[in-house]
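One structure below.
The values are calculated or read from the model by the stated rules, or taken from the named source; none is laboratory data. These numbers come from a predicted model, not from an experiment. Because the Cβ atoms are built from the backbone with ideal geometry, glycine has one as well, and the counts that use them run over all protein chains shown.
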Amino acid sequence: MNRRQLMLIGTAALAAGWSGQNVKAEERNDPNLITALPNAKVTLQQALTTAAQEGQPISAKFEVEDGKLQLSVYTAKDGKFTEVLLDYVNGKLAKTEAITEGEDLAAAKAQSAAMAKAKIDLKTAADKAASQNAGFRAVSVIPELKNGHAVASVGLLRGEQLQAVEQPLE
């Protein structure tokens, strides 16, 4: 899987009315994602809690891959990285895959470095972003280092309105 393809909200999408930062042209609007998200009964925060049994969550997002909605959480444990896929209807673990190469590994290493400086976890960041933006649902949380400080870009959705907000992790 190429996490950059749909780096949803972590690097927001202007074409769908996104407001946020770090937008890349190849990561713009996926109308299939907006259409599919109402089918997700599990929250991003619930997925982060469930995925923690596989290691420390270092990012999470809803995405559409091969035309299907999925809920993906990257985890780190003992210097190794795993992508945990959860059933977006019941929240159960569906599949785990080792992340061993390419852009996914580079992203996992960068996210892990950001989380090493974090004083709060991604669930707390997502909860805070959602509570500060009434009616929005967290649909992604991607940490990064900015000027040496850990921050998370939290993707939020309300209806068809998408936005990204930045939450400090320190």
Candidates Leu71, Leu105 - the one that is more than 13 Å from the chain's Cα centre (by Cα), hydrophobic (A, V, I, L, M, F, W, C) and either modelled with pLDDT of 95 or more or over 12 Å from Gln45 (Cβ atoms) (or both): Leu105
Region 60-102, residues that are touching a Gly at 6+ places or on another chain (Cβ under 6 Å) and basic (Lys, Arg): Lys77
Scan of region 38-83 for residues that are out of contact with any Lys or Arg (no Cβ under 8 Å at 6 or more places or on another chain), hydrophobic (A, V, I, L, M, F, W, C) and in a helix (DSSP H, G or I), ordered by number: Ala47, Ala51, Ala52
Residues of region 39-73 satisfying the condition of being crowded, with 21+ Cβ neighbours inside 10 Å and closer than 13 Å to Ala113 by Cα: Pro57, Ile58, Ser59
Test: residue in region 150-157 that is more than 18 Å from Ile34 (Cα to Cα) and without any contact (Cβ under 8 Å) to a residue 24 or more places away in the chain: no
Filter pass, Asp78 being over 18 Å from Ser153 (Cβ atoms), modelled with pLDDT of 95 or more and surrounded by fewer than 17 Cβ atoms within 10 Å (Cβ to Cβ): yes
Residues (of a type in the set (Gly, Ala, Ser), touching a residue at least 12 places away in the same chain (Cβ under 8 Å) and surrounded by fewer than 22 Cβ atoms within 10 Å (Cβ to Cβ)) located in region 131-140: Gly135
Top-ranked residue in region 141-170 [being over 13 Å from Ala118 (Cβ atoms) and exposed (fewer than 14 other Cβ atoms within 10 Å of the Cβ); ranked as modelled with the lowest pLDDT]: Glu160
